[in-house]
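One structure is given below, encoded as structure tokens.
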Amino acid sequence: MILLENVDTAYGNIKILESEKDGSITYYQGEVFQSQVDKKGVSTCAYIHVMKDVLLSAKPERVLLIGCAGGTLATLMHRAGCEVVLVDVNDYAFTLARRYFQMPPEVTCVAADGYTYLLESDQPFGAIAVDAFNGRGVIPSQMRKKDFFRLLATAIGKQGVAVMNVMTAHDLDMEADRIAEKMAAAGLPAVLYDWPGEHDRNTLVTGGAVPPLSIPTGKEPLWLQKELKGITCRASLV
């Protein structure tokens, strides 16, 4: 691996690495993996592609993404024709996303806490994604409170969708299910996209007008089709 950047920010150390084997670029915050793209700037993480499909199911013109890292979801949504507003507390993440991960300059970047941004904004969005973690891989506490999900519900209205990425340690870890219950209590009927049996995995909690998704569609690269085969759609277990 080639070290492209090693920088200490107010929100922790960030390392950007390039694979000598395939040219992929990886973003680490502290010891936590955050993002990876191939040479074309396309995310190599299956859950990012599922998040994109969930967001696009609402046919949004304008989307809000909370949490930047490599900006890989923002890049996919922009390429799909959406107006993208990207919010992160660490404004240097925007620089790294554009410098190394091919995030387009047309993505509107706002340096702010996602909770505060929603609290102070009165602008509607067709879809919202939350993919925000600190350097320990933990979702910020203000984004796990009931008030936060009420703000999400207000921002997307009755026809929009919201999706939150939650790290799941194992099948007995109920954090994603507890978040699904908070979404439902805020008026966003929730379903979870999950990879049962996998350890330290991404579980996507989706709420709002979420239609059933056909995953995979057969249009994805072979590696992505293989990873998507283990995904399930389920209701909350709590």
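The values are calculated or read from the model by the stated rules, or taken from the named source; none is laboratory data. Note that the coordinates shown come from a computational prediction; the quantities given were computed from them, not determined experimentally. Glycine gets a Cβ as well: all are built from the backbone with ideal geometry, and neighbour counts include every protein chain shown.
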- Task: Scan region 25-34 residue by residue and report those that are hydroxyl-bearing (Ser, Thr, Tyr) and either modelled with pLDDT under 95 or assigned to a helix (DSSP H, G or I) (or both).
- Result: 28
- Task: Give the residue that is nearest to residue 138 (Cα to Cα), with candidates limited to residues of region 148-182 that are assigned to a helix (DSSP H, G or I) and acidic (Asp, Glu).
- Result: 175
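For region 19-28, give me each residue that is in contact (Cβ under 8 Å) with a residue 60 or more places away in the chain and either surrounded by fewer than 19 Cβ atoms within 10 Å (Cβ to Cβ) or under 24 Å from residue 193 (Cβ atoms) (or both).
Step one: filter region 19-28 for residues in contact (Cβ under 8 Å) with a residue 60 or more places away in the chain, giving 25, 27.
27 - this is the single residue of region 19-28 that is in contact (Cβ under 8 Å) with a residue 60 or more places away in the chain and either surrounded by fewer than 19 Cβ atoms within 10 Å (Cβ to Cβ) or under 24 Å from residue 193 (Cβ atoms) (or both).
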- Note on the structure: Only one of 132, 111, 153 is of a type in the set (Gly, Ala, Ser) and within 20 Å of residue 50 (Cβ to Cβ), namely 132
- Query: Quick one: how many residues across region 43-95 are over 12 Å from the mean Cα position of the chain (by Cα) and part of a loop (DSSP other than H, G, I, E, B)?
  - Reply: 12
- Task: Scan region 132-167 for residues that are buried (at least 16 other Cβ atoms within 10 Å of the Cβ), at pLDDT below 95 and closer than 19 Å to residue 30 by Cα and jot them down.
- Result: 132, 133, 135, 139, 140, 167
- Output the residues belonging to region 183-197 that are surrounded by fewer than 23 Cβ atoms within 10 Å (Cβ to Cβ) and either outside any strand (DSSP E or B) or over 18 Å from the mean Cα position of the chain (by Cα) (or both). 184, 185, 186, 187, 189, 195, 196, 197
- Query: For region 96-105, what are the residues that are without any contact (Cβ under 8 Å) to a residue 40 or more places away in the chain and part of a loop (DSSP other than H, G, I, E, B)?
  - Reply: 104, 105
- Query: Of all residues in region 1-18, how many are free of Cβ contacts under 8 Å to residues at least 24 places away in the same chain, among the β-branched types (Val, Ile, Thr) and crowded, with 17+ Cβ neighbours inside 10 Å?
  - Reply: 0
